[in-house]
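For reference, the structure is listed below as structure tokens.
No value in this document is a laboratory result; all are computed from the given coordinates. This one's a predicted model, so the numbers in the text were calculated from it and none came from an experiment. So basically every Cβ, Gly included, is an ideal-geometry build from the backbone, and we count neighbours across all protein chains shown.
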Amino acid sequence: MQTTLSGDVQRKLQWSLLALRLGVFLVMLVWTLDKFVNPGHSMKIFEKFYGISGMNEVAAYIMGALQLTLVFAFVLGFKKRITYGIIFLMHGASTLSAFNQYFDAFNNLLFFAAWPMWAACFALYMLRDEDTKFTVQ
């Protein structure tokens, strides 16, 4: 069932999606920059949460460069089906990889912020065709 949104609702939706996109971008950008500023931290995260040991600084820089490209494509709304989808999957993997942290909730409260962000990534993916404010088409 296709419905047409009123102009006012469409405008509010576009601004809301832009706010979600910018919020997700900000978090993803900082996570990406961390790979350049503190590659050792990234190496520890990959070992602890993903079971990938032996990662070196060069690998962190390469992953950072690839992720930086993706994050900028995402914030620009470029190839939304692909970039929004990859961001959703990446953040989902990050959220689920920390699953054990949720069992000790009160000592790991910040990990719970991942869930609403993952929901925002999902909303952006599902509403990607409506997310047109300041995007490249």
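Cross-link partners for residue 35 among the aspartates and glutamates, with Cα-Cα distance under 18 Å and sequence neighbours closer than 8 places in the same chain left out: 47, 57. With K and R counted +1 and D and E -1, the other residues having a Cβ less than 10 Å from that of residue 60 yield a net charge of -1. In a fully extended conformation the segment linking residue 22 and residue 104 would gain 26.5 nm over its present Cα-Cα distance, using 0.36 nm per residue.
Where only DSSP H runs of four or more residues are counted, the chain gives -23500 deg cm²/dmol as its mean residue ellipticity at 222 nm, each run worth -39500 (n - 2.57). At 20 Å minimum axial length over the Cα atoms and a Kyte-Doolittle cut of -0.5, report the qualifying DSSP H helices in the chain, or say none. Long hydrophobic helices here: 7-37, 57-76, 80-97. Net length available on complete extension from residue 134 to residue 53 is 25.2 nm, with 0.36 nm assigned per residue and the Cα-Cα distance removed. Excluding residue 129 itself, what net charge comes from residues whose Cβ is under 15 Å from its Cβ, given Lys and Arg +1 and Asp and Glu -1? Residues near residue 129 contribute +4 overall.
Report the net charge of residues surrounding residue 18, where surrounding means a beta-carbon distance below 15 angstrom and charges are Lys +1, Arg +1, Asp -1, Glu -1. Overall, the nearby charge balance is +3. A crude spin-label estimate for the pair residue 15 and residue 112, with each label 7 Å from Cα along the Cβ direction, gives 3.1 nm. Counting 0.36 nm for each residue step from residue 126 to residue 69 and taking away their Cα separation leaves a gain of 18.3 nm. Where the centroid of each part is defined by its Cα atoms, how far is the range 1-58 from the range 66-137 in Å? For the range 1-58 versus the range 66-137, the Cα centre distance is 5 Å.
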